[in-house]
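Right, one structure below, let's go through it.
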Amino acid sequence: MTIKTLERETAIDKCAELAALVDRYTDGKGGNYHATAIDPLVFVRCNTFKTVQEVSEPLLGIVVQGEKKLALNEELFQYGIAQYLVVSVDMPLSVCMIEATPDQPYLGLKLKLDPAQLCEIIAQTNPDNDPKESVRGWCVSDANPPLIDCVIRLTKLLETPQDIPFLAPMIIRELYYRLLTDQQGEAVRQIATSGSNMQRIAEVIRRIKAEFTKSLRVEELAEQANMSAASFHRHFKAVTSMSPLQYQKQLRLLTARQMMLAEAIDATQAAYRVGYESTSQFSREYSRMFGAPPIRDIERLRVG
């Protein structure tokens with residue numbers, strides 16, 4: 001047995017302990033996401049096959065029981081126990097839990113990543129590492145045993161709430177260190193590296209999110225990123241796997257869907273509120289993204 005195979009089996013074994021802890025703090029009620037007393041830590045539990053579409057902020061996500069598919073634009077990844085996802089910039093994702101039953105629910109956790117804390121650790125551990133060419137803003141990788149150990153210790157702090165204020169920040173710092181020194185460390189590093197292409201693209205993404213109902217002027221966005229239009233387009237696609245216009249479109253459609261669900265407005269109102277001038281174009285693009293026209297999709301979600 002190779003060292004890598006042994007590490008993988010050890011990490012999977014450790015996830016059984018972590019799954020028991022997550023199961024204890026999630027009772028299947030109150031939706032899929034369960035906040036904890038540790039502010040950036042959220043547990044995930046899903047008892048049925050389910051697809052969730054959302055705009056994800058920078059985070060670490062670990063599967064501890066079950067399996068899921070992740071779709072970003074036209075790229076698809078499938079991953080399971082003792083594997084993790086790192087999202088480096090705000091990203092519209094479609095996540096499907098494909099192994100989830102009431103008896104054997106999908107269990108996982110998410111940890112919001114803090115660029116300021118990452119930057120501090122980078123400065124202490126490897127300050128002279130020059131930013132490299134743009135890397136993709138998301139990656140899936142095997143979790144090694146030390147990383148799982150770290151997450152177990154963080155989760156166990158929920159048993160002793162009085163220890164959380166002092167010990168949780170220390171363990172989270174260790175988690176960041178483990179991520180930075182792992183095989184996907186470059187993607188994590190660029191979240192916080194001043195002047196990196198990913199950081200400049202992340203700033204543009206924040207602007208697109210804030211102004212997503214307005215017409216997009218790629219030249220202005222490129223100027224903000226201090227790049228030529230061609231260079232900006234190339235770096236944006238390298239990080240997000242889509243063009244700025246595709247990114248804006250997905251934001252608009254996700255927001256419209258949330259509005260129709262939460263506010264009981266119709267497709268015409270939702271289309272205009274998120275910046276569409278043509279309702280027929282909105283319906284076409286909505287159907288392409290969600291697999292059904294707005295009315296049918298919203299009815300399906302309410303029944304589900």
* Return the Rg/Rh value of segment 3-191, two decimal places, where both radii are evaluated on C-alpha atoms and Rh is the Kirkwood radius. => 0.95
* Extended-chain gain in nm, criterion 0.36 nm per residue less alpha-carbon gap, Ala20 and Arg207 -> 63.3 nm
* Asked: R0 = 45 Å: FRET efficiency of Ala35 with Ala229, Cβ-based, nearest 0.05?
  -> 0.60
* May I ask you to derive the FRET efficiency for Tyr272 and Val303 from their Cβ-Cβ distance with R0 = 25 Å, giving the value to the nearest 0.05? => 0.40
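Please give the contour-minus-distance gain from Thr51 to Leu261: 0.36 nm per residue of separation, less the Cα-Cα distance, rounded to one decimal in nm.
Length gained, Thr51 through Leu261: 74.0 nm.
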* Which order do the peptides 36-48, 78-90 take when ranked by the mean count of other beta-carbon atoms within 10 Å per residue, highest first? => 78-90, 36-48
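What does the helix-only formula give at 222 nm for the chain: each DSSP H stretch with n ≥ 4 adding -39500 (n - 2.57), the total divided by the residues, and the result rounded to the nearest 500 deg cm²/dmol?
-15500 deg cm²/dmol
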* Label-to-label distance, nm, for residues given as Glu120 and Thr10 (7 Å Cα→Cβ offset) -> 3.0
* Roughly how many nanometres apart are two label points built 7 Å out from the Cα toward the Cβ at Lys112 and Thr2? -> 3.9
* Structure fact -> The answer for the chain, counting only DSSP H helices whose Cα atoms cover 30 angstrom or more along the axis and whose Kyte-Doolittle average is -1.0 or greater, is 3-24
* Asked: Given R₀ = 41 Å, FRET efficiency for Ser280-Thr101 by Cβ-Cβ distance, to 0.05?
  -> 0.55
* Asked: If you place +1 on the Cβ of every Lys and Arg and -1 on the Cβ of every Asp and Glu, how big does the dipole about the Cα centre of the chain come out, in debye to the nearest 20?
  -> 740
* Structure fact -> Given the candidates Ala270, Ser231, Phe290, the one whose Cα lies deepest towards the positive end of the charge dipole of segment 213-304, counting +1 at each Lys or Arg C-beta and -1 at each Asp or Glu C-beta, is Phe290
* Relative contact order (%) - the chain, alpha-carbon pairs under 8 angstrom, separation at least six -> 16
* Can you pick out the pairs among Lys68/Lys237; Lys50/Lys237; Lys14/Lys68; Lys4/Lys50; Lys68/Lys214; Lys214/Lys237 whose Cα atoms lie more than 26 Å from each other? -> Lys50/Lys237; Lys4/Lys50; Lys68/Lys214
* Gln183 to Ile295: extension gain in nm, 0.36 nm per residue of separation minus the Cα-Cα distance? -> 35.9 nm
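We did not get these values from a lab; they are worked out from the coordinates using the rules stated. Computed from a predicted structure; not experimentally measured. All Cβ positions, even for glycine, are placed from backbone atoms using ideal geometry, and neighbour counts span all protein chains on display.
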